[in-house]
Amino acid sequence: MDGLKYHRILLKLSGEALSSPQGSGIDPKAARDIALRVREVREMGVDVAIVIGAGNLWRGKAGLDLGMDRATADYMGMLATVMNALALMDALESCGVVTRVQSAIEMRAVAEPYIRRRAIRHLEKGRVVIFGGGTGNPYFSTDTAAALRACEIDADVLIKATKVDGVYDSDPHRNPNAVKFDRLTYIETLNRRLEVMDSTAISLCMENKLPILVLNLWDAEALRLSLLGEIRGTLVEG
């Protein structure tokens, strides 16, 4: 489509995006809602890659609080992201979107191993690629995995999908006077300790000059208009 500002995106979803109204598990309806939004973007001619978290299935902090080994807790979370990736793949393909799941932790029966050049080739062929298994290493969040994969596939922007319309100086659900930022620099985001992404992810984006766009995926127009250059959210760059 003519007029696109971004031609290749990495969409970072939280695991909660797939959760049931009770806040846990995988809700097929939620997966389908996301799939329909991704299909709309693909129909615009945008290459789409996705990284999804696992907070709906497993939170490593819960294990750590009970004395679990950190690496073990993190590996469990990485495995849970593959479950979410498969659920989203199924929803996308039921909507007619050809999709591939690649996992940083090898499990050939259900997903391709992560191979950068193969992932890029899938995108060039118009397929959506979902990256599961985080980075394949403990001690790294799915935010960092998203930043890493976005850099590796030469994405034009990393889009952090949330349920609010951007980044605020405090929680807008708790503070009615919270101030929304339209644009931020990487340094401002780090110095203010704003909850955009973790500091490792932001630093990686800063070093590689990769913009971060935080928007409300459940706003019917936010993603589409942002891809056309009418930013609906908060843009972190520069």
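We did not get these values from a lab; they are worked out from the coordinates using the rules stated. Here the structure is a predicted model, which is why all the values come from computation and not from measurement. Note that we place each Cβ from the backbone using ideal geometry, even for glycine, and neighbour counts take in every protein chain shown.
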Can you find, among Ala111, Ala54, Leu88, the residue sitting farthest towards the positive end of the charge dipole of region 39-125, where Lys and Arg contribute +1 and Asp and Glu -1 at Cβ?
Ala111
Shape call, region 1-128: gyration tensor on alpha carbons, a/c limit 1.5
prolate
So if I take the centroid of the Cα atoms in region 215-238 and the same for region 68-92, what is the distance between those two points in Å?
27 Å
Please figure out what share of the DSSP beta bridges in the chain is antiparallel and state it in percent, rounded to the nearest 5.
15 percent
What do you get for chymotrypsin sites (Phe, Trp or Tyr not before Pro) in region 96-160 restricted to DSSP loop and a cutoff of at most 13 other Cβ within 10 Å of the site's Cβ?
Tyr139
Need the C-alpha centroid separation for region 145-196 versus region 1-56, integer Å.
17 Å
Quick one: grab Rg to one decimal and Dmax as a whole number for region 119-238, Cα atoms only, in Å.
14.7, 46
Can you list the GluC sites (Glu not before Pro) in region 183-231 that are in a DSSP coil and have 13 or fewer other beta carbons within 10 angstrom?
Glu195, Glu221, Glu230
Ranked from fewest to most other Cβ atoms within 10 Å of their own Cβ, Val179, Val236, Val164 fall in the order Val179, Val164, Val236
Per DSSP helix of 4 or more residues, -39500 (n - 2.57); summed, then divided by the residues of the chain. What does that give at 222 nm, rounded to the nearest 500?
-11000 deg cm²/dmol
DSSP loop (so not H, G, I, E, B), at most 16 other Cβ within 10 Å: list which trypsin sites (Lys or Arg not before Pro) in region 35-119 pass both filters.
Arg108
